[in-house]
Amino acid sequence: MADKEISLPAKLINGAVAGVVGVSCVFPIDLVKTRLQNQESKDGQKMYKNMRDCFVKTFRKEGFRGMYKGAGVNLVLITPEKAIKLTANDYFRFYLRSDKGHLPLYREMLAGGGAGLCQMIVTSPMEMLKITLQDAGRISQGPQLSSAGGLSAAPSRAFSAVAMAATPQRMSALRIAYDLFRTKGLSGVYRGAGATLLRDIPFSMIYFPLFAHLNHLGKSEGSPTSPFYWSFSSGCLAGCISSVMVNPMDVVKTRIQVLKRAQGEQTYNGVVDCARKIWVAEGPSAFMKGAWCRVLVIAPLFGIAQMVYYFGVGEYVLGIERQYY
C-alpha cells in the first residue's frame, strides 16, 4: 500500500458516482420495503400481503413513476451521502493503520463506525423525506382498506398541520422540508436522527470490515484489488448480512420518521417508546418486517456501489493514480 496522502476529491467523486448508480437500480425495491414496514394489521386486515403483492398493487395504481416516488430526494442527496460514507471509511482506515500498514479488526470497526456517524448528517433528513414520499401512496389507498374493516385515509390528529396540509398527490420533498424547517427548525428536519444513528453506526461497523476481508480473498498475487465481479459479490454478501442484523432498528427508524399516517395507526415518542409499542402491539416478529426487501435493496446497492467505487472514476477525472485502502 502506498504511503502517499489519500486523495479526498477523487474518493468523493467515486462515492458520488457509485451512490447514484446503485440507488437508481434498486429504488423500487426500497419503496416496497418502506410500505411493508409501515403497514399495521387492523382487525386482521393488511393492505399488502407480501413483497410481490405490494409491488404489483403499487405499480398498477401508481405506474412506473409511482415506483420512484421520493427518488429525486435520494438521487440528489445520495450523492453526498454515499460520497461521505465511502470516503470517510477509506480516510479513517488510512489514518488508523499502524506504522507497518497493519489495520487490526477493532480499528476497522472504528473506521466503519466513524463513516456511519459522518453520513448521518445527510442520511437522516434524506430518509425522512424519502419515507414520507414513498409511503404517501399507501396512505392514499386507505379508503379501499377501510371498506374491509381496516384503515382509513383520514390523518391522525397527532400529526402536524404540515403533514396534513398537502395531499399525497401534491407532496414534494422541497415543500415538506421547507414547512418542517419553518415550523420546527432543525429538529423537524432531523426527525428520527437518533434512530438513524443507532442503525447506521452498527451497520457500518459490521459492513466495512466484512467487505474488506471478503474482497481481499479475491485478490490475485501482485494485484492491488480484486476483479470487479468479486467486489460486487463481496459488497452484496456483506450488505446482506449487515442489513439483516440492523433491521430491527431500521423498522423503528422508519416508523418514527413517517410524518403522516392512516387513522388508527400508532404514533411514537422516541426510539424506546416506538420499540416498546411495536413489541406489545405486534410482537417481536414485527422488528423483522421488510427484512427480505431490505436485503434485496442493500445487497445489490452496496454490491453495485463498491464495484463502481473501485472503477476509479475520480482518479481518472483528476488524472491521478488509483488508490486502494
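Observations, loosely collected:
- Anchor Lys100: aspartates and glutamates whose Cα lies under 18 Å away (excluding residues fewer than 8 positions away in-chain): Asp3, Glu5, Asp90, Glu108
- Largest to smallest in accessible area, the residues Arg35, Arg191 fall in the order Arg191, Arg35 (1.4 Å probe, all protein chains included).
- Counting only protein chain heavy atoms and rolling a 1.4 Å probe, the accessible areas of Glu265, Glu321 rank, largest first, as Glu321, Glu265.
- Counting only heavy atoms of the protein chains and using a 1.4 Å probe, Leu237 has close to 90 Å² of accessible surface.
- Translational diffusion of the range 52-95, µm² s⁻¹ [Kirkwood Rh, Cα pairs; Stokes-Einstein; 37 °C; 0.692 mPa s]: 257 µm²/s
- The residues of the range 169-261 have, on average, 47 Å² of accessible surface per residue, using a 1.4 Å probe with all protein chains present.
- Here each label is just a point 7 Å from Cα along the line to Cβ, and for Arg276 and Ile6 those points are 4.1 nm apart.
- By a 1.4 Å probe calculation restricted to protein chains, Leu133 has an accessible surface near 20 Å², given to the nearest 10.
- Taking all protein chains together, Cys236, Cys293, Cys25 sort by accessible area into Cys25, Cys236, Cys293, largest first [probe 1.4 Å].
The values are calculated or read from the model by the stated rules, or taken from the named source; none is laboratory data. Note that the structure is a prediction, hence the values are computed from the model and not measured. Note that each Cβ is placed from the backbone with ideal geometry, even for glycine, and that neighbours are counted across all protein chains shown. In case anyone asks, the SASA skips ligands and DNA or RNA and just uses the protein heavy atoms, side chains included. Shrake-Rupley method; radii C 1.70, N 1.55, O 1.52, S 1.80 Å.
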